[in-house]
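**Student:** Please read through the structure below; I'll follow up with questions.
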Amino acid sequence: MMTTSPFHRGEQFIQKRLGVNDQMERFGQKVIRNYLPDQHMTFYQQLSYVFAGSVDEKGWPWASILIGDPGFISCPDPKFLSVDAATIPGDPLQQSLKHGKKVGMLGIELATRRRNRLSGTVIATTDNEFSLKIDQSFGNCPQYIQARTPNKDSDQTLSTKQSTFTTLNSYAKTLIEQSDTLFVTSYVSNAISGSDFGAAEGVDVSHRGGKPGFVKVEDDKVLKIPDYAGNFHFNTLGNLLENPKAGLLFIDFNKGHLLMLTGRAEILWDYPNLEFFEGAERVWAFSLDHGVLLENALPHTWSAPLFSINSELTGTWREAELKREADKFRHEWRQHMVTRVEKESSDITSFYLKPSTTAGDTRRNIMHSENSAKAHFKAGQFLTLKGAIDGKETIRTYTVSSAPNDEEYRISVKKDGVFSQYLHGHLTPGFSINAKSPTGDFFVVTPHKRPIVLIAAGVGITPMVSILRDLLFTQLKKRQALPVTLIAVARSAEERAFFKELGELASRLVQANIIWCLTQPESHLVQGQDYDHHGRLTEQVLQAHLPQGKESDVYICGPTPFMQSAYTWLRRLDIPDNQIHAEAFGPSSLQRELASHASVDYADEALVSVLDRKGNHLLEQHWQRSDGTLLNFLETHGVEPNFGCRSGRCGSCRAKRLEGNVLHSSPISSDLKDDEILLCVAKPSATDSSNDTQLVIELIE
């Protein structure tokens, strides 16, 4: 364990700016080491390639790759690492592998998404071998890594051709724009800054991933790169604050070419219209100074990528531009095509709509459906539709039941009234209808900080589905989660809409509870199993299911008498007026609070390490109460263990506890050995000193 801060002032500046410095200092002391743990030593020695970075004699950083047979990296000692591999002819890295030089490495196994980062100092060199003394080492979670494997049958004779440039040509631009992966080298130096960075001085190599198109080619020298939620170390950005030089590596996985760039970088803290770029929290720009193209540099091509779920939740510059363009015309009518129709209950049907032309199409019919985009909106808002009924133009509004990140709008309409009957009778796949972009004051304001209570009756369930879907997306994308309770009222199971979908959402959300009240349940239903309460919503039901205390925000939707009654009861239960939200009361921001029902025996935070059955290290990350169960925590960080019921019954998510203790949040139905846990209902338990809580588990395949 490091005895001094493992972070330098640039990294600490960003951590403080984002309010995570205290937790990262505690976490960093535990996971950033000056040696390689046994599993990391084993990991490096099984690799056939490793990404490396260093700085040339003129101070320009470069990112590169070293290749060999498994075993070309050896670890004779936890504090030392040796690499027996020649650099690729023409690689700028070659001149940097000298005694006393700082080198960064990223050990990564793309096929399994495992990775480990280290920085060190060259202490010995021979013709094709060099040795490093480890300065810092730590594991990384597998977010945004696209899984791919080498095509061994594509082995090719290496005849590397080198070319240099100072501007990007058409090949380079195309490769960058189509890339889903890049590697970046950055560094800090005592000599340059005049400061003492301690063990944090040196070179770092990092991975960046996303959808093809996540890197924007601004011109023949400038690139724009989004920064997504990560491990909060901010090694790359922290380095760039201290020394704005960076090296980028793009790989042509189809041809085996390497595109290496070096130049200057700048963090663009207040980048305009960032809200339209899904997943992006900030942007940094790279300006090319010069570069190298090494053709036929890799011994084989690679398979097509299997995209990380974290990458799939992000956007591209093209998508962001289309959303921004659509938002300009959000108050104009657009043609929307019905793509599908689904029955949700005996009287509620969902219609999926997709813009069939761009915003402003009544004037400029220049874009088609494949290039159109939904306007940005907030979960809970409504869509305005226009249709001709009996020769008369009629306008009605319907709440969107899909989430903002879903590809299409979904409205869920009860067959009640002239316009709704028109929709039920006319909206079939292929039908077009005019609509304006969603709007309205009923939505959960983000960032939300307090537990959320949703109360709905009948078709009032529609905005609640949208909100829950959006909360799940936020949980996966930004690692933000908080308790949410839905109390839903329906006449019967036949009229209960979204029952299956809501159950699936609740199982995936970190802390979610759904309460169903049926006023006229079918005779075959069993209370406590098929539904929770028989009868209408009452003050007693509310009191039983509201989080303890007053720190909740409550959202109500349903018939007017229902909302009025619910509001009256909430006020009697001392819920402040400004924490009760309905269309008449308008939006209000939230303040976070941990789940009121969370056991005091759970740890506040813990260091969680995860191994596979072979003892390979998969994850080492900081857990805190708001991360929820270990299954939710692992999925959020890109690890995908087996699971089934997500409620502690089936035993599919069984894992072995090697160190530390857990508590299960619900009764366990499956038989467990003394050292086994169920990830779907397990959370780290507190020790006498909760800040030192550590948990090591092994996944059982």
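**Student:** Please go through the range 656-674 and give me each residue that is closer than 19 Å to LEU611 by Cβ and modelled with pLDDT of 90 or more, ordered by number.
**Tutor:** Scanning the range 656-674 gives LYS656, ARG657, LEU658, GLU659, GLY660, ASN661, VAL662.
**Student:** So which of ALA456, ALA493, ALA403 is in contact with a Cys (Cβ under 7 Å, 6 or more places away or on another chain) and hydrophobic (A, V, I, L, M, F, W, C)?
**Tutor:** ALA456
**Student:** Which of the residues that make up the range 111-140 are crowded, with 22+ Cβ neighbours inside 10 Å and in a loop (DSSP other than H, G, I, E, B)?
**Tutor:** Answer for the range 111-140, where residues must be crowded, with 22+ Cβ neighbours inside 10 Å and in a loop (DSSP other than H, G, I, E, B): ARG113, ASN140.
**Student:** Okay, next question. Please determine, by comparing only the residues of the range 172-205 that are modelled with pLDDT of 90 or more and acidic (Asp, Glu), which one is most open to solvent (accessible area, probe 1.4 Å).
**Tutor:** Ranking the candidates gives GLU177 first.
**Student:** Could I ask something else about it? Under the condition of being in a loop (DSSP other than H, G, I, E, B) and hydrophobic (A, V, I, L, M, F, W, C), which residue from the range 141-174 is nearest to GLN621 (Cα to Cα)?
**Tutor:** CYS141
Here is a yes/no grid of residues against (1) over 30 Å from GLN475 (Cβ atoms); (2) open to solvent by 70 Å² or more (accessible area, probe 1.4 Å):
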| position | (1), (2) |
| --- | --- |
| ALA388 | yes, no |
| LYS392 | yes, yes |
| SER401 | no, no |
| LEU427 | yes, no |
| ILE433 | yes, no |
| SER437 | no, no |
| PHE442 | no, no |
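**Student:** Further question: Looking only at the range 482-498, filter to residues that are within 32 Å of the chain's Cα centre (by Cα) and without any contact (Cβ under 8 Å) to a residue 40 or more places away in the chain; which one of those is surrounded by the fewest Cβ atoms within 10 Å (Cβ to Cβ)?
**Tutor:** LEU486
**Student:** I've got another one for you. Looking at the range 537-564, I want the residues that are within 19 Å of VAL459 (Cα to Cα) and have a partner that is of a type in the set (Lys, Arg) and part of a loop (DSSP other than H, G, I, E, B) with Cβ atoms under 9 Å, at least 6 apart or on another chain. Which pairs are those?
**Tutor:** Sorted first by the residue in the range 537-564, then by its partner, the pairs are PHE562/ARG536.
**Student:** Is it fair to say ILE108 is surrounded by fewer than 20 Cβ atoms within 10 Å (Cβ to Cβ) and not in a loop (DSSP other than H, G, I, E, B)?
**Tutor:** Against the criterion (surrounded by fewer than 20 Cβ atoms within 10 Å (Cβ to Cβ) and not in a loop (DSSP other than H, G, I, E, B)), ILE108 does not qualify.
**Student:** Between a residue in the range 249-277 that is assigned to a helix (DSSP H, G or I) and any residue that is among the acidic types (Asp, Glu) and open to solvent by 20 Å² or more (accessible area, probe 1.4 Å), which pairs come within a Cβ distance under 9 Å, given they are 6 or more apart or on different chains?
**Tutor:** LEU274/GLU281; PHE276/GLU319; PHE276/GLU321; PHE276/ASP327
**Student:** Within the range 63-84, can you find the residues that are closer than 23 Å to PRO299 by Cβ, open to solvent by 10 Å² or more (accessible area, probe 1.4 Å) and in contact (Cβ under 8 Å) with a residue 24 or more places away in the chain?
**Tutor:** Residues satisfying the conditions are ILE67, PRO70, GLY71, PHE72, SER74, SER82, ASP84.
**Student:** Based on what the data block shows, is ILE32 open to solvent by less than 10 Å² (accessible area, probe 1.4 Å), at pLDDT 95 or above, of a type in the set (A, V, I, L, M) and on the phi < 0 side of the Ramachandran plot?
**Tutor:** For ILE32, the condition - open to solvent by less than 10 Å² (accessible area, probe 1.4 Å), at pLDDT 95 or above, of a type in the set (A, V, I, L, M) and on the phi < 0 side of the Ramachandran plot - is not met.
**Student:** Just for the range 289-299: of the residues that are assigned to a loop (DSSP other than H, G, I, E, B) and in contact with a His (Cβ under 9 Å, 6 or more places away or on another chain), which one is surrounded by the fewest Cβ atoms within 10 Å (Cβ to Cβ)?
**Tutor:** ASN296
**Student:** Here's another thing I want to ask about it. For the range 503-539, how many residues are surrounded by fewer than 17 Cβ atoms within 10 Å (Cβ to Cβ) and out of contact with any helix residue (DSSP H, G or I) (no Cβ under 9 Å at 6 or more places or on another chain)?
**Tutor:** The total comes to 14.
**Student:** Given (1) out of contact with any strand residue (DSSP E or B) (no Cβ under 7 Å at 6 or more places or on another chain); (2) over 21 Å from MET24 (Cα atoms), identify the lone condition not met by PHE232.
**Tutor:** Evaluating PHE232 over (1) out of contact with any strand residue (DSSP E or B) (no Cβ under 7 Å at 6 or more places or on another chain); (2) over 21 Å from MET24 (Cα atoms) leaves (2) as the failure.
**Student:** Which residues, counting only those in the range 190-216, are touching a strand residue (DSSP E or B) at 6+ places or on another chain (Cβ under 8 Å), not in a strand (DSSP E or B) and not charged (D, E, K, R)?
**Tutor:** PHE197, ALA199, ALA200, GLY210, PHE214, VAL215
**Student:** Right, another one. Say we look at the range 310-333 and pick out the residues that are in contact with an Asp or Glu (Cβ under 8 Å, 6 or more places away or on another chain) and of a type outside the set (D, E, K, R); which of these is most open to solvent (accessible area, probe 1.4 Å)?
**Tutor:** LEU313
**Student:** Sticking with this structure for a sec: So, restricting to helices (runs of 4 or more DSSP H) that lie completely within the range 300-411, which ones have at least 1 residues that are on the phi < 0 side of the Ramachandran plot and modelled with pLDDT of 90 or more?
**Tutor:** 309-312, 317-328
**Student:** On to the next question. Just need a number here: residues in the range 557-579 that are assigned to a loop (DSSP other than H, G, I, E, B) and of a type in the set (Gly, Ala, Ser).
**Tutor:** The qualifying residues number 1.
The values are calculated or read from the model by the stated rules, or taken from the named source; none is laboratory data. For clarity, every value in this text was computed on a predicted model and none was experimentally measured. Every residue, glycine among them, receives a Cβ derived from its backbone with ideal geometry; neighbour counts consider all protein chains shown. Surface accessibility is based on the protein's heavy atoms, side chains included, excluding ligands, DNA and RNA. Shrake-Rupley method; radii C 1.70, N 1.55, O 1.52, S 1.80 Å.
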